[in-house]
Every structure is written in structure tokens, then in C-alpha cells.
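Below is one structure, written out as C-alpha cells; comments come after it.
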Amino acid sequence: MTEFFIDFGLFFLKSVTVVAAIVAVIFAIVATSRGEGKLHGLNIEKLNDKYRKMAETLRHKMLSKSDWRKFEKQEKKDRKQEEKEAGDESRKRVFVLKFKGDMRASEVDSLREEVTAVTAVATNDDEIVVCLENSGGTVHEHGLGASQLERIRSRGLCLTVIVDKVAASGGYLMASIANKIIAAPFAIIGSIGVLAQLPNFNRFLEQRGIDFEQVTAGKYKRTLTMFGKNTEEDRKKTREDVEEVHRLFKGAVAQHRPDLDMETVSTGEYWYGSRALELGLVDELGSSDDYLMKAAEDADIYAVTYKGRESLVQKIQHALTSFAASLGLTNDLR
């Protein structure tokens, strides 16, 4: 009877894995078909116009015909004045980028193009705002994301990061690059820690009489493994690697936020925005909507987005890789 349950459990796990892989492939195909009609390349939207149109639509419904005509007349005058000022080099510009992270920080490819475009035209009088939503993931890819934002700082440009929902672990690594971090009161902030985890099936394979062979060159080419027998030396080396990543993580954050009490904030814990403000992890409380609408009163606001072409094969690969990462098979900044 025990053997039956073992066989059934193995069959169930295989079935779940296959189904999950099929779902990931279907998701990638659907995502591809939905994205076929979307514009590719660099897209620019002036948010001042967007905000104005929204307000005009509401006012048109609220005002009487005579009041609307008066408003429309005044609005035309204001727009002409704004068009004159638009050619004034002294008028501040705010470039808005959005980064929504996943385990693989897959939007980094778009971010690097957006940063390249913006840094080519921005001056020291301008501001770059990144609306960040990122709960962390793989180390090297989130490190690359942070490096893209470092390109902005290294040119002496003003960088503001706004967090409406979450900037945790690898997400906070990216946010910490900014001159100023703004977070909503209940946004999740922090989680300065590193995680490495993976299942081990060695005992199960041994019970089934299955040998696992692995050949490496280099003492530490492979430490912890899913199918082989892990030793204390393997675990020790992995712990050392994780601690080294954590040390680098703390150093990167401290470089831009030297006043942080690193011993307090680097425990892997996260805090909500209000408490994060007290700890010095963020500089202000607020939302991206309020910040940008207020900035639009005195500056030209441009939303900059880049969308590259991605083949069906790439989408399937990314979907499957994200699925594998969600199982905890990689070192994560989480």
C-alpha cells in the first residue's frame, strides 16, 4: 500500500509539472497574440495633455453651456501660453518611466532603452521619475536593473523613485539608487536579504534504486544539487555564497543611503511605507498620481515607454524560465 501511494504521488507531481508547463506555453502564446497589434519601439506621451483632457471631460458634463463656453475660451488662451513656454529651454521637464518587476526582472531590456533615450536629452534642470513595482527575484538580473538606474545618477541627473505597491529585496536595491524615494503609506518596502532554496530528491531516488551521476571540473562547480547527495561542505559553501551576495546587497544600498542603520534594516524584514519612512528607507510618503499631477502644474511631463519585438519562442522561454524561478530553483534577492 505504501508503494502505491509513493507511485501515485510521483505520478501526481509529474502531472502537475506537465500541466504547469502547458499552461505557461499557452499563456505565452496568448500574450503574443494580444501584443501583435501594439506599437513597438519608443513611445512618448505628454501627461499634461492627458490630465487636461480628463479634467475637460468632467467639466463639460458638470458646467452649463454658457459656463462651458467661458471655460473653453479661457482654456484656449492658457494652451497658447503653454505652447509658447514649451519652446522655452528653461522650463523643467519630467520624464516618467515605469518598471513592473517579476522574478527575472524581464522589463530590464525595455528599461535600458528608455534610460538611453532619456539620458540623451535630459539636462541637470530636468527630473527622471521611475514608478517602480518590484518584489524581487534573481540576483544578477535585478542587479542589472539597478545598474540601469545608476546610469542616470552617474550623469548627475535627478532621479526620483515612487513606490505605490512594493519595492522589496531586488526591488529595493533598484529604488535605493534614487536621489529621493517616495512610497505610499501601505507600500511594502525593504526585505534586504537573500534566499537560496531548492528541493532534494536524493533519498527518494535511492529508495527507487535510481543512481544519479554528476561529473564536474572545479571543486565548487556545483554545490547543492536537486538529485545528488548534499554534504555539509556543500551547504557551507552555499551559505558562504549567500552571505557574500547579502554583503554586496548591503554595500550597494549603503552607497546611496549611508545614513541607514544597516544592522536594523538588513535582516530580510519588510515594512510598510509609514514605518519605512521612520527607518529612513524612504524620504516621503505619497503616491505617483499626486506627485505627477502636482509636477504638471510647473513642468512638462513625458511618459517614456519602450516595447521591443519578442518572438513566440522567446515568450515561451521566458514563461518557462519564470515558472522554474517561481519554484525557488535560483538564488533570489527576496
Problem set entry | the stretch 174-200: number of residues that are surrounded by fewer than 20 Cβ atoms within 10 Å (Cβ to Cβ), of a type outside the set (S, T, N, Q) and modelled with pLDDT of 90 or more | 5
For this session: Look at the stretch 30-68 and say how many of its residues are assigned to a helix (DSSP H, G or I), over 28 Å from Val94 (Cβ atoms) and modelled with pLDDT of 80 or more.
Result: 3
Exercise. Quick one: what pairs do we get from the stretch 101-114, first residue under 15 Å from Val304 (Cβ atoms) and in contact (Cβ under 8 Å) with a residue 24 or more places away in the chain, second crowded, with 18+ Cβ neighbours inside 10 Å and basic (Lys, Arg), C-beta under 8 Å, 6+ apart or different chains?
Worked result: none
For this session: Looking at (1) touching a residue at least 12 places away in the same chain (Cβ under 8 Å); (2) over 21 Å from the mean Cα position of the chain (by Cα), find the lone condition where Lys294 falls short.
Result: (1)
Exercise. Regarding Leu195, is this residue more than 12 Å from the chain's Cα centre (by Cα) and touching a residue at least 60 places away in the same chain (Cβ under 8 Å)?
Worked result: yes
Problem set entry | Failed item, numbered, when Leu260 is tested on (1) surrounded by 12 or more Cβ atoms within 10 Å (Cβ to Cβ); (2) free of Cβ contacts under 8 Å to residues at least 60 places away in the same chain; (3) assigned to a helix (DSSP H, G or I); (4) of a type outside the set (Val, Ile, Thr) | (3)
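The values are calculated or read from the model by the stated rules, or taken from the named source; none is laboratory data. Just so we're clear, the structure is a prediction, and the values are computed from it rather than from any experiment. Note that each Cβ is placed from the backbone with ideal geometry, even for glycine, and that neighbours are counted across all protein chains shown.
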